[in-house]
Every structure is written in structure tokens, then in C-alpha cells.
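The values are calculated or read from the model by the stated rules, or taken from the named source; none is laboratory data. In this text, all values refer to a predicted model and were calculated from it rather than measured experimentally. Glycine also receives a Cβ, built like all others from the backbone with ideal geometry; neighbour counts cover every protein chain displayed. Note: areas computed on protein heavy atoms with side chains; ligands, DNA, RNA excluded. Shrake-Rupley method; radii C 1.70, N 1.55, O 1.52, S 1.80 Å.
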Amino acid sequence: MNIKDQLHNGSLYLPGDEQLAKEQTICLEKLYDFNQTRPLEYDKRTSLLKEMFAEIGEGCYIEPPLHSNWGGKHVHFGKKIYANFNLTLVDDTHIYVGDYTMFGPNVTVATAGHPILPELREQAYQYNAPVSIGKNCWIGAGAILLPGVSIGDNTVIGAGSIVTKDIPANVVAVGNPCKVLREINEHDAKYYFKNRKIADSDLI
């Protein structure tokens, strides 16, 4: 089986293919360039992201440093996505993120894993499973999303959560392992933080 197919079909494989390593290194060179940009070089950052990512919509902003196994080659971003510093995308296979989603600092999205069996791990076997994040989600600071998970539209993942299983749309989910705390509700339409009301005068 072709090693490139194995990256994306969920099977066990051994990394280290020479041609694949060369291709990955080229991707990492672009990632290095992105992380060396200055704050005023917004246009350069935007141009580099279009080269680096599989897909990236208009109005996306990623705060360097960005970390990514393949420099974003297998990452599909919708429009107007915001990522704070130290976003880590373990993009050995595909990561899909919907429009308007926000990432807090130090979030990790991982598609790669290794077998539990020590004898296989000793040989460095690996498998990959895609991750999907819906539209208009908020992934809180320090959250970790593990291989194969999906998160539904509009969902909030609490800071520091470890997402090991799928999370549905329109909920607040927190913890390790991450579980649904509650649905987004009428209270959220009135209050933005604890007892602080959403005032029409504050909105543009």
C-alpha cells in the first residue's frame, strides 16, 4: 500500500519514508517562515497561509507561533477563524474547522496516535484519524482534541478540556475527559459572563 494512502486511511504504518520526509520538510520550511514574520507583516502571513494550508478562507488570523507536523498541508479552515498563540495542529491527516471558530492559546488538535501494545510502539508504528470542528465553535485555552473526534456547530469546549469522544452541537462541554455540561440556552442570550448582561449599547 502507498505510504501516502496510509496517512489518511486509518491503517498502521511506519513513518520514515524518504520521499515523504522531504515533502514534509518543505512544508516545515514555510511554517518556519510564517513564524518569523513581524506583527506588521499581515499580508505576508496571509499569503504564506494560503500556500501552507490545504484550504483557508478569507479573514482568518493565526497568531504565531503556530506548530504543525505538516505545516498545515492537511488543514482545512473556513472563513474568519481566529487562533491565539501556540496552536498545535498535528496534521498527519486531515483537520477540518468551520467558519468563525476561535481557538484560545495553547490548543492542541491531534490526528496522530500510536498503538498501546509496547512491541508495536517500540517500532514507532503510527495511525491517523481526522478531526472535525464545526462552525462558530470556541475551543478554550489549553484544550486538547484527540484523533478521530468531531465537535458540532456552535459548541464551546472549556479551557483545559481533553476531548476523547465526539461532542454534539450547541453545548458547553468541559473536563477530562470532556463531557457535555449543558446546552446553550436562553440565559446565554441575556448574559455573556456570570451576571453581566449583554447590553444593546455595547453591540455594534
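For the range 64-198, relative contact order (Cα pairs under 8 Å, six or more residues apart, normalised by length) works out to 16 percent.
The amide H of residue 163, built 1.01 Å from its N in the peptide plane, has 144, 145, 146, 178 as neighbours under 5 Å, considering only residues 5 or more places off or on other chains.
Centroid-to-centroid, using Cα positions, the range 88-120 and the range 21-49 are 20 Å apart. Per residue, the accessible area of the range 82-204 comes to 56 Å², computed with a 1.4 Å probe over protein heavy atoms only. Rounding to the nearest 10 and keeping the result within 0 to 90°, find how far the Cα-based axis of helix 42-52 lies from the longest principal axis of the chain. In the chain, helix 42-52 runs at an angle near 50 degrees to the longest axis. Just checking the listed ones, 36, 24, 123: in the Gaussian network model of the chain with Cα springs under 10 Å, the one fluctuating most is 123.
Considering all C-alpha pairs of the range 90-170, those separated by over 15 Å amount to 56%. The alpha carbons of the range 6-119 occupy a box of 49, 27, 21 Å along the principal axes, longest dimension given first. Quick one: pull the percent of accessible area on the range 1-131 belonging to carbon and sulfur, 1.4 Å probe, ligands and nucleic acids left out. It is 54 percent, rounded to a whole number. Restricting attention to the range 1-151, close to 10% of DSSP beta bridges with both partner residues there are antiparallel.
Taking a sphere under 12 Å around the Cβ of residue 132 and counting the other residues whose Cβ falls inside, with K and R at +1 and D and E at -1, yields a net charge of -1.
Remark on residue 75: its backbone amide H falls under 5 Å from those of 54, 55, 95, a criterion applied only to residues 5 or more positions apart or on other chains, H modelled at 1.01 Å from N. Placing dummy labels 7 Å off each Cα toward the beta-carbon, the span from residue 180 to residue 203 is 2.6 nm. Here the spin labels are modelled as points 7 Å beyond Cα on the Cα-Cβ line, and at residue 43 and residue 162 they lie 4.6 nm apart. Within the same chain, lysines fewer than 8 places from residue 4 are excluded, and of the rest, those with a Cα less than 18 Å from its Cα are 22, 73. Put simply, the convex hull of the Cα atoms in the range 32-95 casts, on average, a shadow of 3.7 nm². Once the Cα-Cα distance is subtracted from the 0.36 nm per residue extended length, the residue 187 to residue 54 segment shows a gain of 44.0 nm. Label sites at residue 169 and residue 67, each approximated as a point 7 angstrom past Cα along Cα to Cβ, lie 3.3 nm apart. Of all lysines in the structure, the ones whose alpha carbon falls short of 16 Å from that of residue 79, not counting any fewer than 8 places away in one chain, are 50, 135. With axes computed from alpha carbons, what is the tilt in degrees of helix 18-35 against the longest principal axis of the chain, rounded to the nearest 10 within 0 to 90? Roughly 40 degrees between the two axes. The aspartates and glutamates whose alpha-carbon is closer than 16 Å to the alpha-carbon of residue 165, local same-chain residues fewer than 8 away aside, are 153. Taking R0 as 45 Å, what's the FRET efficiency between residue 122 and residue 35 from their Cβ-Cβ distance, rounded to 0.05? Rounded to the nearest 0.05, the efficiency is 0.85. Taking all Cα-Cα distances within the chain, those exceeding 19 Å account for 63%.
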